[in-house]
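The values are calculated or read from the model by the stated rules, or taken from the named source; none is laboratory data. The model shown is predicted, which means the values in this text are computed figures rather than measured ones. All Cβ positions, glycine included, derive from the backbone under ideal geometry; neighbour counts span all protein chains shown. Ligands, DNA and RNA are stripped out before the accessible areas are found, and what is left, the full protein with its side chains, is counted by its heavy atoms. Shrake-Rupley method; radii C 1.70, N 1.55, O 1.52, S 1.80 Å.
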Amino acid sequence: MAIQIGYFPGCSLHSSAKEYNDSIKASFGDLGIELKEIPDWNCCGATAAHSLNEALALALPARNLAMAEQEGLSLFAPCSACYHRFLLTNRKLCASEELLLEVNELIAPLDYKGSTEVKNILDILVEDVGVKKIKESVKRPLKGLRLVSYYGCLLTRVPHGQASDDQENPVYMDMVVEALGAEPVPWPSKMDCCGASLNITEEAIVCRLSSHILDNAQAVTAGAVVTSCTLCQMNLDLMQSGTKPEYNHPANLPVFYISELLALALGHDFPQGHWKKHFVDPRGVLEKLGLT
Amino acid sequence: MKPSERIQVSDGSVIDPGFTQKVIQLTGEEVMTCFQCLKCTNGCPLAPEMDVPPNKAIRYVQLGMRDAALAADSIWICATCYTCSVRCPNDIDIAHVMDTLRRLAYQSQGDDTPKAHIVHFHELFLDSLKQYGRVNETKLLARYELKEGRFLKDAKLGMKMFFMGKMSIFPEKVQNKEQIKKIFDRASKRKG
Ligand code: SF4
Ligand code: SF4
């Protein structure tokens, strides 16, 4: 029987990261996952809310957690930044009845009880589905593709407590990469910060950080980068786009979402327009491997 | 000295033990246990750009140096990457402290910081969220560029993204906009 999971796409998966949304929807059904979108979900508040107003930073995620609870669903947030906001909010609300009461006053008439489980994409692929099942479902192994797994900051850095994967040396994405038939390449930047949303306000910082990550991917002769975070994907891809003089990193490495590679390996082909959503067009790399 | 007593030091700055207590109370973090090992700052990806790196920010909090802590540019450029928080040997969630300093600074001085553009970006983001319940990236970017007087600087990028199908002009909305508005109204009545 299919596992039902509450799906919180978040704002970016409906705009700049549409290809993440499309590839999750294309591939998850094959693995026995039924995604049920959280009805009328709202933005998690992101950096803006936790920077300016703590009450909002708790209440905005709490509204979604409460709606997922009403439907008896867990909450899967593909974007690492959304995921982290949900995880931290949930932990805080579950740790203090007083706080839960206060936040429930903010989201009334909704009334969150604290029972929603928050998941990221690797939790689902490794813990709910399992690499064995992924391996068995692969129709088109990604043989010959040397991939560096780029976890970024927010997937596993959970203060005061353990994340599902290791906090300093996570391995879940490499396990999935291996199950898809590709080659996970060890490298030193798997958890380096790309600069995240500073790309709009502090461009120079993001150029410095993201370029360093691409340098390291090049140094280990990776064929492509794979990630699960919308900000990570955007920054590494943008740095190589040539759309501005500063964005001229020569690596020319496609930056995939893990779900795009999953869908490919499971035998799905994307419509023509899909790969155009990447600044570094991955089709060259895929053609060489006979994957398109 | 009573814990609430403020003292003025020779450079004119004020030492306010009440500030230390306030940050401890707001964060629940045991900032007094910091022994300046510098592990946070050594791993901080933004340290090269910071005037007050995380270890120093914690020190300012310990010493009640409110003005120095809240005037720091670094509280605005901290990327909330949590590297410091997971590495601190005393388990201080430093990212949470930085975040709290940011909010205290915003409450007391608004956008009066050399990093005002970052404050503006956050404000516009929340504006959009309040209006629609979701954030339209295209509209947000356009409004930000206009506000900061750099419209057209990123036009080439914006157009490219539009043609790549990465940007949509029509904002998505939640159905229950009334509820989102209520959350904002209630949250704004509370302090930060
Ligand atoms: S890592 Fe912790 S103990 Fe060490 S300087 Fe930073 S805050 Fe202090
Ligand atoms: S959370 Fe902020 S202070 Fe801590 S390591 Fe990251 S950028 Fe530095």
If you go through the stretch A:103-128, how many residues are in contact with a Ser or Thr (Cβ under 6 Å, 6 or more places away or on another chain) and touching a residue at least 60 places away in the same chain (Cβ under 8 Å)? 2
Residue, farthest from the other protein chains (Cβ to nearest Cβ), within the stretch B:27-55, restricted to residues that are assigned to a helix (DSSP H, G or I) and more than 9 Å from ligand 1 (Cβ to nearest atom): B:MET32
Suppose we keep only residues that are open to solvent by 10 Å² or more (accessible area, probe 1.4 Å) and not hydrophobic (A, V, I, L, M, F, W, C) within the stretch A:18-33. Which one would you say is nearest to the other protein chains (Cβ to nearest Cβ)? A:LYS18
How many residues are within 14 Å of chain B (Cβ to nearest Cβ) and touching a residue at least 60 places away in the same chain (Cβ under 8 Å) if we restrict to the stretch A:78-102? 9
Please enumerate the residues belonging to the stretch A:182-201 that are open to solvent by 30 Å² or more (accessible area, probe 1.4 Å) and over 16 Å from A:ASN216 (Cα atoms). A:GLU183, A:SER197, A:ILE200
Residues of the stretch A:244-267 being open to solvent by less than 10 Å² (accessible area, probe 1.4 Å) and at pLDDT below 95, which ones? A:TYR247
Restricting the search to the stretch B:47-64, which residues are within 17 Å of B:VAL31 (Cα to Cα) and open to solvent by less than 50 Å² (accessible area, probe 1.4 Å)? B:VAL52, B:PRO53, B:PRO54, B:ASN55, B:ALA57, B:ILE58, B:TYR60, B:VAL61, B:GLN62, B:GLY64
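So, in the stretch A:66-121, of the ones that are outside any helix (DSSP H, G or I) and basic (Lys, Arg), which residue ends up surrounded by the fewest Cβ atoms within 10 Å (Cβ to Cβ)? Talk me through it step by step, then tell me what you get.
Let us first name the residues in the stretch A:66-121 that are outside any helix (DSSP H, G or I), namely A:71-79, A:96, A:108-120.
From what is left, the residues that are basic (Lys, Arg) are A:113, A:119.
Values: A:LYS113: 13, A:LYS119: 22.
This residue is A:LYS113.
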Across the stretch B:145-187, what is the number of residues that are within 9 Å of chain A (Cβ to nearest Cβ), at pLDDT 85 or above and either over 21 Å from A:ALA48 (Cα atoms) or open to solvent by less than 80 Å² (accessible area, probe 1.4 Å) (or both)? 9
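Which of the following residues is closer than 27 Å to A:ASN120 by Cα and in a loop (DSSP other than H, G, I, E, B): A:ALA217, A:ALA263, A:ALA222, A:ALA251? Give the steps one after another, and end with the answer.
Working: A:ALA217 fails: in a loop (DSSP other than H, G, I, E, B); A:ALA263 fails: in a loop (DSSP other than H, G, I, E, B); A:ALA251 fails: closer than 27 Å to A:ASN120 by Cα.
After ruling out the rest, the residue left standing is A:ALA222.
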Return only the number of the condition from (1) under 30 Å from A:GLU287 (Cβ atoms); (2) open to solvent by 20 Å² or more (accessible area, probe 1.4 Å) that A:GLU127 does not satisfy. (1)
When you scan the stretch B:113-128, do you find a residue that is more than 7 Å from chain A (Cβ to nearest Cβ), touching a residue at least 60 places away in the same chain (Cβ under 8 Å), assigned to a loop (DSSP other than H, G, I, E, B) and under 30 Å from A:SER189 (Cα atoms), even just one? no
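Is it fair to say B:ASP91 is within 14 Å of ligand 1 (Cβ to nearest atom), acidic (Asp, Glu), more than 15 Å from the chain's Cα centre (by Cα) and assigned to a loop (DSSP other than H, G, I, E, B)? Let's see the steps before the verdict.
Details: within 14 Å of ligand 1 (Cβ to nearest atom): yes; acidic (Asp, Glu): yes; more than 15 Å from the chain's Cα centre (by Cα): yes; assigned to a loop (DSSP other than H, G, I, E, B): yes.
Spelling it out, B:ASP91 is indeed within 14 Å of ligand 1 (Cβ to nearest atom), acidic (Asp, Glu), more than 15 Å from the chain's Cα centre (by Cα) and assigned to a loop (DSSP other than H, G, I, E, B).
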